[in-house]
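A short worksheet on the structure shown next.
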Amino acid sequence: MAPYRGKETGENSLLQTIIKLLFPGEILLADRYYATFANIHRAYRQGYDVVLNQRGQASLVCETAEISLAPLTRLRNVIGISYRKVPRTIQELFGVSFTPATLLGFEDKLAQRATVVVDDIAKKLGSSDGPVHADETYWTLDGERAYFWVHGNDDFIHFQFDTTRAG
């Protein structure tokens, strides 16, 4: 329960009340309104992780060193800048230096942390009583056929990629 009018009753104030209830190792799922460095830094200090929805895409923030790396994965995976060129670009633009290995390590850690959430969504879809919509497509990857599946219902969506059709 929380006050509903007056000072300190806005959304951010209510979030600060909820944050006090989180324990290290837990995950806070929050809307993009809360994607501020102050909230992310507080999560880091208190030892819990944050999944933030920003512009329709979720970002998993695990450690303070990774806060600045999360947007950089977009440069690599969406825009297509090579691992070698991402650090050079950030160095030229902002004067911040890191190695390509740092970005690779962050992506690996991000994938490991996200696996728990992805597996949970897949299980929920698999045990759904209602209809689950599915689509499959393929394309050539390094001269070999690769497959991409999408499964979803009104509550969840699950993406899966594999180099074999068996998944």
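General observations
- Looking only at the range 14-58, and only at residues there that are among the charged types (D, E, K, R) and within 17 Å of residue 74 (Cβ to Cβ), the one that is modelled with the lowest pLDDT: 55
- Of all residues in the range 90-104 being surrounded by 15 or more Cβ atoms within 10 Å (Cβ to Cβ) and either under 19 Å from the mean Cα position of the chain (by Cα) or among the β-branched types (Val, Ile, Thr) (or both), the one that is nearest to residue 152 (Cα to Cα): 103
- For the range 119-134, the criterion of being of a type outside the set (Lys, Arg), part of a strand (DSSP E or B) and free of Cβ contacts under 8 Å to residues at least 24 places away in the same chain is satisfied by at least one residue.
- Subset tally (residues that are surrounded by 13 or more Cβ atoms within 10 Å (Cβ to Cβ) and over 23 Å from residue 82 (Cα atoms)) for the range 133-147: 1
- Sole residue being surrounded by 14 or more Cβ atoms within 10 Å (Cβ to Cβ), touching a Leu at 6+ places or on another chain (Cβ under 9 Å) and within 24 Å of residue 164 (Cα to Cα), chosen from 72, 110, 125: 110
The values are calculated or read from the model by the stated rules, or taken from the named source; none is laboratory data. Treat the numbers as computed from the prediction; the structure is a model and nothing was measured. Ideal geometry is used to build each Cβ from the backbone, glycine not excepted, and the neighbour counts take in all protein chains shown.
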